[in-house]
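Chemist: Below: one structure in structure tokens.
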Amino acid sequence: MNRRAGDRLDPLVKPPITRDQLIAYAHASGDINPIHLDEKFARKAGFPSVIAHGMLSMAFIADFLRHHFPDDSYRLEHLRARFRKVTFPGDSLSCGGRIRAVNDDGTFFVEAATTNQGGEITTEAEARFTPRSS
């Protein structure tokens with residue numbers, strides 16, 4: 001891989017989030033908090049509808065990163081995310097990022113984020129990948 005610091009990574013655009021997707025994610029992850037599933041509960045909490053799991057957007061970022069740094073070639077050494085904005089059903093998230101730095105040993109430091117259809121950053125992340133030995 002001949003990438004350098006500052007290089008942008010091709011974006012990954014996800015289809016709009018659906019309520020069925022939230023239900024499936026809730027059961028797969030074990031996070032059945034009613035704020036993700038129950039409309040009345042979400043409205044009582046001050047939201048216009050149920051909200052997507054923050055970890056779902058982090059999973060999208062992980063998918064994006066693995067596309068660029070496949071598991072057979074790179075080991076994910078560090079991944080940290082910060083959730084900045086709530087995501088709702090119907091929102092379309094795009095994942096993008098850039099290589100922040102590359103060490104002489106081939107370690108990549110990457111910044112990534114999800115943005116919604118309005119261009120607002122919903123999740124920021126940073127990751128570090130080391131090359132796997134051949």
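The values are calculated or read from the model by the stated rules, or taken from the named source; none is laboratory data. These numbers were taken from a predicted model, which means no experiment stands behind them. All Cβ positions, glycine included, derive from the backbone under ideal geometry; neighbour counts span all protein chains shown.
Chemist: Suppose we filter PHE60, PHE41, PHE47 for residues that are surrounded by 14 or more Cβ atoms within 10 Å (Cβ to Cβ) and closer than 18 Å to GLN117 by Cα; which single one remains?
Modeler: Among PHE60, PHE41, PHE47, only PHE60 is surrounded by 14 or more Cβ atoms within 10 Å (Cβ to Cβ) and closer than 18 Å to GLN117 by Cα.
Chemist: Go through (1) of a type in the set (A, V, I, L, M); (2) under 22 Å from ALA24 (Cα atoms); (3) at pLDDT 95 or above for MET58 and report which single condition fails.
Modeler: Looking at each condition in turn, MET58 falls short on (3).
Chemist: Which one of these does ASP105 not meet: (1) modelled with pLDDT of 95 or more; (2) surrounded by fewer than 15 Cβ atoms within 10 Å (Cβ to Cβ)?
Modeler: With respect to (1) modelled with pLDDT of 95 or more; (2) surrounded by fewer than 15 Cβ atoms within 10 Å (Cβ to Cβ), ASP105 is out only on (1).
Chemist: Please enumerate the residues belonging to segment 73-102 that are closer than 13 Å to ALA52 by Cα, among the aliphatic types (A, V, I, L, M) and surrounded by fewer than 20 Cβ atoms within 10 Å (Cβ to Cβ).
Modeler: VAL86
Chemist: Considering each of PHE88, PHE60, PHE109, PHE83 in turn, give the residue that is in contact with a Cys (Cβ under 9 Å, 6 or more places away or on another chain) and among the aromatic types (Phe, Trp, Tyr).
Modeler: Every option except PHE60 fails the conditions.
A quick yes/no check of all residues on (1) out of contact with any Ser or Thr (no Cβ under 8 Å at 6 or more places or on another chain); (2) on the phi > 0 side of the Ramachandran plot; (3) without any contact (Cβ under 8 Å) to a residue 24 or more places away in the chain:
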site	(1), (2), (3)
LEU9	yes, no, no
ILE23	yes, no, yes
SER29	yes, no, no
ILE32	yes, no, yes
ALA42	no, no, yes
PRO48	yes, no, no
ILE51	no, no, no
PRO70	yes, no, yes
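Chemist: Which one of the conditions (1) loosely packed, with under 12 Cβ neighbours inside 10 Å; (2) part of a loop (DSSP other than H, G, I, E, B) does HIS27 fail to meet, given that it meets all the rest?
Modeler: Failed condition: (2).
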